[in-house]
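None of the figures in this text is laboratory data; all of them are computed from the coordinates on show. As the structure is a computational prediction, the values presented were derived from the model and not from experiment. Note that each Cβ is placed from the backbone with ideal geometry, even for glycine, and that neighbours are counted across all protein chains shown.
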């Protein structure tokens, strides 16, 4: 498969999609108490001639079933907790929001970001979540337990979703 990323007319990295270890994503809804854990995997259909992603087929654990399908690639759109493939990340976040049960009317999402996250990476993560269906995205740094305690104390966060992206499995 020919790579879509080129540097001076040569591929930068062959099969770049397969090199990222999937992150573990945990989403918790405060209103219902439902919690979902999924790997950050997306199955996508790619064109054979140039390796460009045409459409997404499945996200999360369901994406593993497409590993042996010809013309489909299973990859992680996140690298070390950051967005590496924007379209794949948007599809993954949309699937995770759907798994939380009946459609929530544009939920507020609190996402943990790492300390070394740049402003550009924060904007990419925020935009992908908003396009996936979030009303507003709040970013936090620190442990998950601290975020859960703060969210339980604050009235405006009682109906929020907390998304915790671990670096890799």
## Note on the structure
In degrees rounded to 10, the 0-90 angle between helix 119-132 Cα long axis and the longest Cα principal axis of the chain is 80
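Provide the percentage of antiparallel DSSP beta bridges, counting only those with both residues in the chain; round to the nearest 5. Mind showing how you got there, number by number?
On the way: 23 of 31 bridges.
If I count the DSSP bridges inside the chain, around 75 percent turn out antiparallel.
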### Query
Taking the Cα atoms only, what angle lies between the long axis of helix 86-99 and the longest principal axis of the chain, rounded to 10 degrees?
40
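Of the peptides 121-131, 88-98, how do they stack up when ordered by the mean number of other Cβ atoms within 10 Å, highest first?
Details: 121-131: 18.2, 88-98: 22.9.
Listed from highest to lowest mean packing, they are 88-98, 121-131.
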### Query
Hey, how many Å between the Cα centroid of region 38-62 and the Cα centroid of region 101-162?
25
### Task
Note the direction-averaged projected area, equal to a quarter of the hull surface, for the Cα convex hull of region 85-141, in nm².
3.8
#### Entry: Cα long-axis angle, helix 144-153 against the chain (0 to 90 degrees, to the nearest 10)
40
### Approximate spin-label separation residue 52-residue 130, in nm, with each point projected 7 Å along Cα-to-Cβ
2.7
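For the chain, what Kirkwood radius comes out of the mean inverse Cα-Cα distance, in Å?
Working: mean 1/r = 0.0601 Å⁻¹.
Answer for the chain: a Kirkwood hydrodynamic radius of 16.6 Å.
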